[in-house]
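Have a look at the structure below, then the notes.
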Amino acid sequence: RYTLVDDGGTTVLHAEAKAAGSGLSHPLRADPAVTPWLRWRWKIGNLIEQADLRTREGDDFPARLYVTFDYPLEKLPFVERNKLRLARALFDPHLPAATLCYVWDGKAAGGTIAPSAYTNRVRLIVVESGATRVNRWVEVERNIAADFRAAFGEEAPAVTGIVVAVDTDNTGAFATARFGDISLNKQSLMKPSSGPAALP
């Protein structure tokens, strides 16, 4: 469930999931070479105790933010190319061939980059970890061009969308999160040494 709510005088997106998972998508077109700095803020209500990003059974997060890319299908290996073609035919004709997924995890260290337990075409990047800042707004800024190179080993193609999600379908848990102020920028707006900043 996704709803707009007031939080401290600002309208933000409230998301909650109970033994379920879905994402709210915003299609757009952007060039990571021109606007590489992705900035957002988020706040979670709880961690998911049973979550484990290494397994399908534990592939749940209280907050995810995906960036999807226009990666050419022809560049994929033969097997992966045909798997994606089948998935597009069965589920969604717009499934991307390359995606970065920024997550708030309960166990993996911040900075961890790992393939999704479901597909190698989605790379998870842990940008917040643990319970220290649960129920607090946290500002995050990432260079998606640099993250794409680190995750996939090549230059980032055009961005095709941003997706936010709360995901508890594998563990059967309940989780809530709030998202606000998502933007792509030409320059960094945070001090290089500051990292993710917690707000009151």
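If you sort V5, V67 by accessible surface, 1.4 Å probe, largest first, the order is V5, V67. Comparing mean-square fluctuations of P96, P77, P32 from a GNM of the chain with C-alpha springs under 10 Å, the top value falls on P77.
Contact order, relative form, for the chain: 40 percent (alpha carbon pairs under 8 Å, 6 or more residues apart, mean separation divided by residue count).
Across the options A15, Q50, T68, the greatest Cα extent toward the positive end of the charge dipole of the chain (unit charges at beta carbon of Lys, Arg, Asp, Glu) belongs to T68.
With the largest listed first and rounded to whole Å, the semi-axes of the equivalent ellipsoid of the stretch 1-58 from the Cα gyration tensor are 25, 20, 12. The aspartates and glutamates whose alpha-carbon is closer than 12 Å to the alpha-carbon of K75, local same-chain residues fewer than 8 away aside, are E154. Sorting S116, S183 by accessible area puts them as S183, S116; the probe is 1.4 Å, largest comes first, and only protein heavy atoms count. DSSP finds beta bridges in the chain, and of those with both partners inside it, around 90 percent are antiparallel. Positive end of the dipole of the stretch 88-200 (Cβ unit charges, origin at the Cα centre): among A151, G180, W137, the Cα lying farthest that way belongs to W137. Comparing A145, A19, A87 in a Gaussian network model of the chain where C-alpha atoms under 10 Å apart are linked, the largest mean-square fluctuation is found at A87.
In a reduced charge model with +1 at each Lys and Arg Cβ and -1 at each Asp and Glu Cβ, the chain shows a dipole moment near 200 debye about its Cα centre. Averaging sequence separations of C-alpha pairs under 8 Å and six or more residues apart, then dividing by the length of the stretch 1-70, give the relative contact order as a whole percent. Across the stretch 1-70, relative contact order equals 16 percent. For the chain, what does the alpha-carbon gyration tensor say about shape, rounded, prolate or oblate, given a ≥ b ≥ c as the root eigenvalues, a/c under 1.5 as rounded, and a/b over b/c as prolate? Verdict is oblate for the chain.
Look at the alpha carbon pairs under 8 Å that are at least 6 residues apart: their mean separation over the length of the stretch 77-148 gives a relative contact order of 26 percent. When the inverse distances between all different Cα atoms of the stretch 130-190 are averaged and flipped, the Kirkwood radius reads 14.7 angstrom. Within the listed set D169, D60, D105, the residue fluctuating most in the Gaussian network model of the chain (springs between alpha-carbon atoms under 10 angstrom) is D169.
The values are calculated or read from the model by the stated rules, or taken from the named source; none is laboratory data. If you're wondering where the values come from, they're calculated on a predicted model, not measured in any experiment. So basically every Cβ, Gly included, is an ideal-geometry build from the backbone, and we count neighbours across all protein chains shown. When the accessible area is computed, the model is the full protein with side chains, heavy atoms only, and any ligands, DNA or RNA have been set aside. Shrake-Rupley method; radii C 1.70, N 1.55, O 1.52, S 1.80 Å.
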